[in-house]
Structures are given as structure tokens and as C-alpha cells.
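S.K.: Here you go, one structure.
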């Protein structure tokens with residue numbers, strides 16, 4: 001295939017992914033096609049890819065940077081890929097209407113081997129409208145992204161490539177970005193460094209700039225695990241109401257919100273980050289009261305993650321691995337507590353740590 005054929009195939013795929021009327025089967029097929037196209041051109045991450053070192057994660061002081069192989073496979077989570085692409089596309093379109101400066105400066109932190117959220121949109125805009133700065137800590141991934149940009153002849157869209165840690169990156173020109181995007185997370189902001197990256201990059205936005213995702217919300221709830229999921233026998237017809245609202249039968253008792261994370265709140269939190277006796281940095285702790293009455297049948301304490309990508313583009317419960325729930329503990333333990341404290345740690349193993357602060361009316 002030549003450049004024009006590459007571009008046409010990617011353009012066709014992107015059109016389907018950006019179309020909000022595309023159904024899940026179309027999105028899955030398109031994401032598989034995009035993975036096949038980009039892995040084939042770059043030579044990285046295809047079905048026969050057997051380079052063992054590129055399947056190893058990097059363990060950083062701020063969390064885990066997933067391997068080249070894993071980062072490339074993220075494309076196949078079709079809802080996640082489509083919604084982030086739509087969110088970034090709409091953010092660019094809105095910023096082009098409201099911002100006079102050209103080109104828009106866009107920072108993509110953790111671009112992975114395929115620059116998944118940048119490359120497809122280069123067909124939809126022009127280099128005089130926007131310029132990407134691509135950050136990646138994995139050298140193989142960054143070189144793969146460079147290969148793809150060159151193969152598509154989209155070099156004019158990229159102002160800089162940086163092999164670096166996004167948790168410590170500072171734009172060398174001192175010119176703030178119009179849009180920053182980073183998708184370096186797992187459920188409940190555990191393991192990967194999304195929070196640490198956001199803390200570092202939030203003040204590198206220009207006034208009125210857009211950080212994607214715009215908002216990450218972590219809630220905690222007691223749930224009835226028997227009704228948390230609805231299963232249907234293979235080949236059975238799923239009722240339309242369950243398609244429209246897959247969580248309609250769930251039973252939950254919310255205990256409280258642990259985090260409402262935006263670029264603005266990240267700047268506020270950053271001023272309040274402290275370290276424990278071992279030197280591990282963490283957010284201010286949040287204490288939740290356990291209700292005196294817990295509804296019958298609620299047997300598990302979960303952390304729930306919801307993401308506002310941009311505008312109306314939203315990812316709710318179980319739409320992908322990054323919005324799956326995280327199980328904490330069973331009801332019988334929660335019933336013996338009157339308060340529970342949560343602390344979000346941003347060190348080598350990011351995530352929420354739970355600590356009972358009161359049990360049976362005794363301080364701990």
C-alpha cells in the first residue's frame with residue numbers, strides 16, 4: 001500500500017469511529033482494522049509480534065507505564081477508543097472556533113506506539129490548524145509513532161517528539177498548550193500515573209485551555225453483586241430496555257465521593273499533597289461515615305469510576321477496563337465500622353488506600 005491508500009483506509013475507519021450512530025459491532029470491527037493497519041505499517045504489536053522486551057511494563061516512581069504491546073492493544077477497547085477520539089475531535093473543533101491563535105498547540109502525553117488519538121484526526125484537520133507534541137517514556141513506542149507519522153506523511157502535524165516522563169515534563173518554549181490529552185489510567189486511578197501526570201501538566205494549559213479527560217469521578221458504594229450484572233444465555237434476545245440502560249436493575253447504596261478530578265482541582269490538590277513517614281506522597285485523606293442502616297442484600301464495597309472525556313462524551317460503569325469497578329471488602333466488615341478513611345497515594349503504586357478510623361466506637 002502507498003501513502004494515499006494508507007490514508008484512505010484510516011480515514012474510512014476514523015469516519016465510522018467518529019459517527020455516534022455507529023453500532024458496537026461496527027466500532028469493534030473498525031478498531032480491529034485500525035490495529036491491523038497501524039501494527040502492519042509500524043511492524044510493532046501485530047499478531048505475530050514476538051519481541052519479548054516490548055511486552056514488558058516500565059515501573060516508574062509514579063506508577064506503571066504499560067508495555068508497547070499492551071499500549072497498542074488498547075485500540076481494541078472500541079468504546080474507549082471511539083469516545084476519546086470523538087471527545088478530542090470536538091475539543092479541537094470548539095477550540096478552533098473560540099481561539100484566534102493558530103496553530104493550536106496540543107500535547108499528547110503517553111502517545112503509545114500508534115499515536116492512537118492523534119494520527120486518525122490528522123486527516124480531518126490541517127497542519128496550519130493544529131500541531132501535536134508527542135510524549136512517550138517507552139522508546140520503542142515513540143519510534144513506532146514516528147514511523148507511522150512518516151509513513152502517512154503527516155510530519156507537518158508534529159512539532160516535537162519527546163522521550164520523557166510526563167510526570168516531570170515542562171514545555172521548553174514556555175508557550176502553554178491549548179489542549180492536553182493523556183489517557184494513562186486504570187479503574188479507580190490505580191497502578192498507572194494518570195493522576196501524577198495531570199498534577200504536573202494542568203498548569204501548562206493556556207487560559208481557557210482544555211484538558212482531556214475533563215473530569216474523573218471516583219465514588220464508593222455498597223452494592224448487591226447478584227444484581228450488579230445481568231447475564232443472558234447465548235443466542236437469547238436482550239430486552240431493549242436493558243440495551244438502553246444496562247444498569248437499570250442494579251442496587252447500590254452510595255457512601256460518598258472520594259475524588260472529583262479536573263485540571264482545576266488538580267492544581268488545588270497539588271498544593272495539599274503531603275508525604276507520609278516513608279516519604280510516599282499522597283492526596284489529603286477523605287473520611288466517610290458508614291450509615292447506621294445498610295440496605296439488605298448489599299454485600300460488597302466497590303470503587304466506581306466515571307469519566308467525562310469532553311462535552312457530552314462520557315464513559316460510565318463497565319464500558320471499558322478503565323471504568324470497571326474495584327472490589328474492596330465484604331459487607332460483614334463494613335458493618336463493624338462507623339468511619340473509613342481513604343487516601344490516594346501517587347507513588348510507585350498509585351491508588352486508594354483504605355484505613356478504618358473508627359470501629360465499634362473506638363478510635364484506631
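S.K.: Go through (1) in contact (Cβ under 8 Å) with a residue 12 or more places away in the chain; (2) closer than 24 Å to residue 311 by Cα one by one and return the number of the condition residue 265 breaks.
M.R.: (1)
S.K.: Determine if segment 334-342 includes at least one residue that is in contact with a helix residue (DSSP H, G or I) (Cβ under 6 Å, 6 or more places away or on another chain), in a strand (DSSP E or B) and either modelled with pLDDT under 95 or closer than 24 Å to residue 262 by Cα (or both).
M.R.: For segment 334-342, residues in contact with a helix residue (DSSP H, G or I) (Cβ under 6 Å, 6 or more places away or on another chain), in a strand (DSSP E or B) and either modelled with pLDDT under 95 or closer than 24 Å to residue 262 by Cα (or both): absent.
S.K.: Another question, then. Select from segment 289-313 the residues that are in a strand (DSSP E or B) and either crowded, with 17+ Cβ neighbours inside 10 Å or without any contact (Cβ under 8 Å) to a residue 40 or more places away in the chain (or both) and list them in ascending order.
M.R.: Within segment 289-313, 300, 301, 302, 303, 304, 305, 307, 308, 309, 310, 313 meet the criteria.
The values are calculated or read from the model by the stated rules, or taken from the named source; none is laboratory data. This structure is a prediction, so every number in the text was calculated from the model and none was measured. Positions of Cβ are generated from backbone atoms using ideal geometry, with glycine treated the same way; all protein chains shown enter the neighbour counts.
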